[in-house]
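Below: one structure, written as structure tokens.
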Amino acid sequence: MPAIILLLILAAVISIILAIGLGPVSVPPATVAKIIGSKIPFCKDYFSPTWAKVDENIVWGLRFPRVLLGMIVGSSLSVTGVAMQALVRNHLADPFILGVSSGASATATLGMLFGVFSFFGTYSLSISAFIGAAISIMIVYTISRVRGRINIPQLLLSGVALSMIMDAITRIITLSAPNALGLHNVTYWLSGSLAGAKWGYLTLPAATICLCMVILMANHRALNALLMGDETAGTLGFNVGRLQKMLVLVSSLMAGTTIAVSGTVGFVGLMVPHITRLFVGSDHKRVLPVCALLGGILVVWVDVAARLIIAPEELPLGVLTAIFGGPLFIWLLKRNTSKW
Amino acid sequence: MKLQVENLSFAYDQEPVIENISITVKKGEFVGLIGPNGSGKSTILKNLYRALQPKGGVVKLDGDDLFKLNYKQAAKKIGVVGQENSLPFDFTVEEIVAMGRSPYKKIFDGDTLEDKEIINKSLAYMGIAEMAKRNYLHLSGGEKQRVLLARAIAQQTDFLLLDEPTNHLDIGYQIQILDFVKNLKVTVLAALHDLNLAAMYCNRLYVLKNGCIYKSGTPEEVLTPEIIYDVYGIRADVSVHPVTKKLTITFLPGSLNIN
């Protein structure tokens, strides 16, 4: 198990270095590594600047924050998927499918265009997205609970209905937008993209994923027990009501802060946990760290594809994840019909 | 006295499901709850393992108020085995049995050598040590039930609540599971479907009808043709089996025209 984690960390580092180099203007990996090395406080003496200033600007100013943001967004979305899947006890749960992303987008749009949440200051966008995510999770969870059990058709259908309602609300908000510049920003952001990432964007989502990972890892036994069912988890000594509240909070925090910086990137929370479980089983002690690393690596590479496929133009990241993730969802749905 | 239930009542909204249930289980006893479908057997057990909130009544476990214990404390005292339930995720047998150690774990605690030993012993006791690495989903119904019982054993409680643990199993597995439970020498309160099995394994029985206790006592006192007819609406012949020395119940369906 530690070997897998080490291997994945190594893969993540290599992915980051390679991904920074790739784009409409490419920079050799060795140069990338040197530029990054020169920024680390104690190592900078070992790296004399042999590279062009423009390379440094691309690597340090543009690509590195973007790639790191991809890493964080991928980890957060994947871990959100794991948390939501434990909450509803089904591996079809994902912030995008259950309308959580749409809910976060609706409130975030409200905040961006009308400044509704501006009293929260710098983090108003993240907090508004968090509020929307939390409301959506609670609505879907309440609707799909029938006699204390999550009813799967009800879960998926309420997710679809909620996405539609929230998307409609978003549409109304954007149509009544008071200014054109804000509208342009919202439209760009809604399609799901990492373009425009700045160093300042990284702090809050990075802190959130770290905090949530610690909370989830601390509760890995409880998450395992929850997969056996609410009643069984209770008989194994877990306070199920409190756990469910914790999962709603943690999922909304991660979904909210992620969506605030990247817009809606769908299906990552569905694909990555599924692939992870194929390799390491369902024990959350292994699923959580593997999922976080794998999710980050996946999004970093999908973002590279988004930059390169129609270069110099960019594809929105959310479009690409939907093209890969949608078919996987359908396949899972077909495969699991028998288990319901 | 291990378990003392007094005037336990439960209602879904306003509709009462069980009313004024009083049950006692002495240390080491194997007590059965029998009765037709919907008579409240499972509801009583669910109230005892706190999946449902009772409307009224007092439950004492080892003299302490059960409802004042927190979930962890309760899980160290009561093990629960329900019907084999569907699990939409891949777990190995070993991982499921390891879950029985949960109530003894603080956050961030890993499995210690002692835990591993307890898990291995539970697996070995249930005769499933060689299945440890297999996927739970791929097991047969009887094997799954053995895994769930092994989990309850790993929980190291001296009191087990069994909710129709032998449902959907073929007769070989039914007897095997109940033999395993009996040999554990712990106190047991079990909802059972099959009257012959109840007569064979239980020291005492509570008969439920429409959410109330209709009769209680030893199998000989309770399983009379009259009571069986009153509760299940079927005529039966009850005799002591010459080999087992236990009651054996033969049902007499109307279509056979026996007088």
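Assorted remarks:
- Among the conditions (1) modelled with pLDDT of 90 or more; (2) closer than 22 Å to A:Ala305 by Cβ; (3) in contact with a Pro (Cβ under 8 Å, 6 or more places away or on another chain), A:Pro24 misses just one, which is (1).
- Condition check for B:Leu45: within 14 Å of another protein chain (Cβ to nearest Cβ) and closer than 24 Å to B:Pro219 by Cα: yes
- For the criterion of being assigned to a loop (DSSP other than H, G, I, E, B) and over 22 Å from B:Arg50 (Cβ atoms), B:Thr244 passes.
- Out of A:Asn151, A:Asn179, sole residue that is in contact with a Ser or Thr (Cβ under 7 Å, 6 or more places away or on another chain) and either modelled with pLDDT under 80 or more than 23 Å from A:Leu320 (Cα to Cα) (or both): A:Asn151
- Residue in the stretch A:254-272 that is surrounded by 24 or more Cβ atoms within 10 Å (Cβ to Cβ) and either at pLDDT 95 or above or touching an Asp or Glu at 6+ places or on another chain (Cβ under 6 Å) (or both) present: yes
- Yes/no for B:Lys215 being assigned by TED's automatic domain parsing to the domain that holds B:Val31 and out of contact with any strand residue (DSSP E or B) (no Cβ under 6 Å at 6 or more places or on another chain): no
- Residues located in the stretch B:107-130, provided they are modelled with pLDDT of 90 or more and either of a type in the set (A, V, I, L, M, F, W, C) or crowded, with 23+ Cβ neighbours inside 10 Å (or both): B:Leu113, B:Ile118, B:Ile119, B:Ser122, B:Leu123, B:Ala124, B:Met126, B:Ile128, B:Ala129
- Every test in (1) modelled with pLDDT under 95; (2) assigned by TED's automatic domain parsing to the domain that holds B:Gly35 is passed by B:Tyr104 save one, and that test is (2).
- Candidates A:Gly74, A:Gly70: the one that is touching an Asp or Glu at 6+ places or on another chain (Cβ under 7 Å), surrounded by 16 or more Cβ atoms within 10 Å (Cβ to Cβ) and in a helix (DSSP H, G or I) is A:Gly70.
- Those helices (runs of 4 or more DSSP H) of the stretch A:263-340 in which 1 or more residues are aromatic (Phe, Trp, Tyr) and either within 18 Å of the chain's Cα centre (by Cα) or away from chain B (no Cβ under 14 Å) (or both) occupy A:284-308, A:317-336.
- Qualifying position, being more than 10 Å from chain B (Cβ to nearest Cβ), at positive phi and out of contact with any Lys or Arg (no Cβ under 9 Å at 6 or more places or on another chain), among A:Gly182, A:Gly192: A:Gly192
- Among the residues of this structure, A:Ile209 counts as one that is at pLDDT 95 or above and more than 14 Å from chain B (Cβ to nearest Cβ).
- Residue pairs meeting the criteria (Cβ under 7 Å; at least 6 apart or on separate chains; first closer than 19 Å to A:Ala19 by Cα and among the acidic types (Asp, Glu), in the stretch A:36-59; second at pLDDT 75 or above and not in a helix (DSSP H, G or I)): A:Asp55/A:Val27
- Tally of residues being at the interface with another protein chain (Cβ under 7 Å from one of its Cβ atoms) and under 28 Å from the mean Cα position of the chain (by Cα) across the stretch A:222-242: 7
- The lone exception for B:Thr218 - which of (1) of a type outside the set (A, V, I, L, M, F, W, C); (2) without any contact (Cβ under 8 Å) to a residue 12 or more places away in the chain; (3) under 23 Å from B:Asn20 (Cβ atoms) it fails: (2)
- Among the conditions (1) assigned to a loop (DSSP other than H, G, I, E, B); (2) more than 26 Å from B:Arg151 (Cβ to Cβ), B:Asn196 misses just one, which is (1).
- Filtered by the rule that a residue be assigned to a loop (DSSP other than H, G, I, E, B) and among the hydrophobic types (A, V, I, L, M, F, W, C), the stretch B:1-29 gives a lone residue, B:Met1.
- Conditions (1) at pLDDT 90 or above; (2) farther than 28 Å from B:Leu52 by Cβ: number failed by B:Ser140: (1)
- Inside the stretch A:98-124, residues that are buried (at least 24 other Cβ atoms within 10 Å of the Cβ) and of a type in the set (Ser, Thr, Tyr) make up a count of 5.
- Residue count for the stretch B:216-234 under the criterion of being outside any loop (DSSP other than H, G, I, E, B), surrounded by 17 or more Cβ atoms within 10 Å (Cβ to Cβ) and not polar (S, T, N, Q): the result is 6.
- No other residue among B:Leu160, B:Leu178 is surrounded by 20 or more Cβ atoms within 10 Å (Cβ to Cβ) and in contact with a strand residue (DSSP E or B) (Cβ under 8 Å, 6 or more places away or on another chain) apart from B:Leu160.
The values are calculated or read from the model by the stated rules, or taken from the named source; none is laboratory data. Everything numeric here is computed off the predicted structure, so don't read it as measured data. Every residue, glycine among them, receives a Cβ derived from its backbone with ideal geometry; neighbour counts consider all protein chains shown.
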